[in-house]
Amino acid sequence: MGGKAEQAFGIWALQLCLLVIVLFGSGCIFFRGQRYHHFATRTPLPAGHYLILGFMGGREPWDNDKRGARKLTLKLRALNLPRVQVETVENRKRPLAIQLIRNAFDRNQDGTLDEAERAAVRLILYGQSFGGAAVVKLAKQLKKMDVPVLLTVQVDSVGWGDAVIPSNVRRAANLFQPNGLIIRGEPKIRAQDPQKTAILGNFRFDYRNKKIDLSEVSWFKKIFRTAHTKMDHDPEVWAKVEELILSVIE
């Protein structure tokens, strides 16, 4: 019995170790999480102002400055664009995003978005990996609230139902890579209603021979998510996202 017990304990210990490796290697975080007070945007926004929300991939915290979505937030802020507010959101925190959107565009502060306030919404959403899927999920939630979205941009989007863009989105773009052995982004998005949503493109990035600096990336991601990780750290990708965003800001 003692030998069997020791063997069972050894198997359990090994499984526990593997689980810990996977969780930490995946960017899983414990005892942390974004809260509403982490947003810097003062609400409500004046008329004509834009709100840009970038969604993080994986289980990354909103303030991880090494990830592409967060880097773009900081770069857009540094441009000091007039009438533009930019925030980063953890992909599991869509309720926080909805709360911020309501507060930002509820100019009479009555707790709801009336017809005039909804028509005046200037909202742009972008996200990477699970964050790309979160962008589409949030847009679908906003459709039920009759809230329009100027632009959605997905970067190597991973998730269910992220290929169909809801009709409340005016423009949408998709950036993806086909090289990942395990993780590949959504290769083609389409409009639920082509008369209401313009698909700006499904932009393909090839990483078979492209060198990207991954010196700050964990060994787990280098081994199991090479192409997916390269795309997140590719300056050309985020320059394209920035170009797409700036093209819709008047």
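Below are the figures for this structure:
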| read-out | value |
| --- | --- |
| Listed residues SER157, SER167 arranged by accessible area, highest first, probe 1.4 Å | SER167, SER157 |
| Test item: Cα-centred dipole of the chain, Lys/Arg +1 and Asp/Glu -1 on Cβ, debye | 320 debye |
| Using a Förster distance of 22 Å, the FRET efficiency for LYS66-ARG208 (Cβ separation, nearest 0.05) | 0.35 |
| Label-point gap, in nm, between ARG190 and ALA47 - each point 7 angstrom along Cα→Cβ | 4.1 nm |
| Gap separating the Cα centres of segment 181-221 and segment 99-172, nearest whole Å | 20 Å |
| Across LYS137/LYS230; LYS66/LYS196; LYS71/LYS143; LYS71/LYS140; LYS140/LYS211, pairs whose alpha-carbon gap is larger than 30 Å | LYS66/LYS196; LYS140/LYS211 |
| Per-pair calculated FRET efficiency, R0 = 22 Å: SER218 and ARG92 via Cβ, rounded to 0.05 | 0.65 |
| Helical contribution to [θ] at 222 nm, DSSP H n ≥ 4, -39,500 (n - 2.57), averaged over the chain, rounded to 500 | -11500 deg cm²/dmol |
| Surface accessible to a 1.4 Å probe, VAL248 within the full protein complex, Å² | 10 Å² |
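The values are calculated or read from the model by the stated rules, or taken from the named source; none is laboratory data. Treat the numbers as computed from the prediction; the structure is a model and nothing was measured. Using ideal geometry, Cβ is built from the backbone for each residue, glycine included, and neighbour counts are taken over all protein chains shown. The accessibility values were calculated without ligands, DNA or RNA, using every heavy atom of the protein model including side chains. Shrake-Rupley method; radii C 1.70, N 1.55, O 1.52, S 1.80 Å.
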